[in-house]
1. Restrict the check to the range 3-20 and report whether at least one residue is at pLDDT 95 or above, part of a helix (DSSP H, G or I) and surrounded by fewer than 13 Cβ atoms within 10 Å (Cβ to Cβ).
2. Can you confirm whether Val35 is of a type in the set (Val, Ile, Thr), more than 16 Å from the ligand (Cβ to nearest atom), touching a residue at least 60 places away in the same chain (Cβ under 8 Å) and on the phi < 0 side of the Ramachandran plot?
Amino acid sequence: MALERTLSIIKPDAVAKNVIGAIVNRFESAGLRIVGQKMMHLSKEQAEGFYAEHKERPFFGALVEFMTSGPIVVMALEGEDAVRKNREIMGATNPQEAAAGTLRADYAETIDENAVHGSDAVESAAREIAYFFSDEEVCARTR
Ligand code: IDP
């Protein structure tokens with residue numbers, strides 16, 4: 001299995017609930033390592049750029065408003081099968097459909113405010129990590 005990197009975002013609702021540590025713990029317990037991490041408050045332009053693929057969707061305006069409503073934590077995670085593992089830990093996009101024990105089942109109630117983001121493929125992960133982190137801000141963890 002390949003060593004991968006993926007982008008995780010702890011969204012404004014989860015930061016407001018004060019569960020940053022609890023969420024990070026889930027990733028570390030699953031064997032994923034944080035190789036980049038920062039707290040940010042996105043501008044409208046940053047949020048629109050990040051979610052550009054959704055700009056024609058009816059929920060785009062609300063999504064941008066939500067993602068700029070408070071600080072977020074962006075993380076680059078590294079590990080075997082990291083993209084799929086992160087998606088599994090997150091649970092389904094709609095928290096009402098998320099499996100028990102997943103982050104979205106535990107920390108979110110609605111699809112509009114669903115606690116976390118995770119890249120959906122290795123290619124999008126590379127693009128999304130580069131959107132938030134310079135090369136120097138991502139640190140190799142293998143020694
Ligand atoms: P994902 O975050 O599970 O990868 P995507 O389909 O990529 O899901 O959608 C990106 C984000 O857009 C979701 O996490 C959610 O916040 C929002 N979103 C997606 N579908 C809907 C919807 O039908 N109504 C409201 N918000 C939505």
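The values are calculated or read from the model by the stated rules, or taken from the named source; none is laboratory data. What you see is a predicted model; the values in this text were computed from it and never measured. All Cβ positions, glycine included, derive from the backbone under ideal geometry; neighbour counts span all protein chains shown. Ligands, DNA and RNA are excluded from the accessible area calculation, which covers all protein heavy atoms including side chains. Shrake-Rupley method; radii C 1.70, N 1.55, O 1.52, S 1.80 Å.
1. Yes.
2. On the way: of a type in the set (Val, Ile, Thr): yes; more than 16 Å from the ligand (Cβ to nearest atom): yes; touching a residue at least 60 places away in the same chain (Cβ under 8 Å): yes; on the phi < 0 side of the Ramachandran plot: yes.
Criteria met by Val35.
Listed here are the residues, each with its yes/no results for (1) within 18 Å of Lys44 (Cα to Cα); (2) within 15 Å of the ligand (Cβ to nearest atom); (3) without any contact (Cβ under 8 Å) to a residue 40 or more places away in the chain; (4) not charged (D, E, K, R).
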site: Phe60; (1), (2), (3), (4): yes, yes, yes, yes
site: Leu63; (1), (2), (3), (4): yes, yes, no, yes
site: Met67; (1), (2), (3), (4): yes, yes, no, yes
site: Val73; (1), (2), (3), (4): yes, no, no, yes
site: Asp81; (1), (2), (3), (4): no, no, no, no
site: Glu97; (1), (2), (3), (4): no, yes, yes, no
site: Arg127; (1), (2), (3), (4): no, yes, yes, no
site: Glu136; (1), (2), (3), (4): no, no, yes, no
site: Cys139; (1), (2), (3), (4): no, no, no, yes
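For every residue, the table says whether it meets (1) among the aromatic types (Phe, Trp, Tyr); (2) under 23 Å from Ala2 (Cα atoms); (3) open to solvent by less than 80 Å² (accessible area, probe 1.4 Å); (4) part of a helix (DSSP H, G or I).
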position: Pro58; (1), (2), (3), (4): no, no, no, no
position: Phe66; (1), (2), (3), (4): yes, no, yes, yes
position: Val73; (1), (2), (3), (4): no, no, yes, no
position: Ile89; (1), (2), (3), (4): no, yes, yes, yes
position: Ala99; (1), (2), (3), (4): no, no, yes, no
position: Asp106; (1), (2), (3), (4): no, no, yes, yes
position: Asp120; (1), (2), (3), (4): no, yes, no, no
position: Glu136; (1), (2), (3), (4): no, yes, no, yes
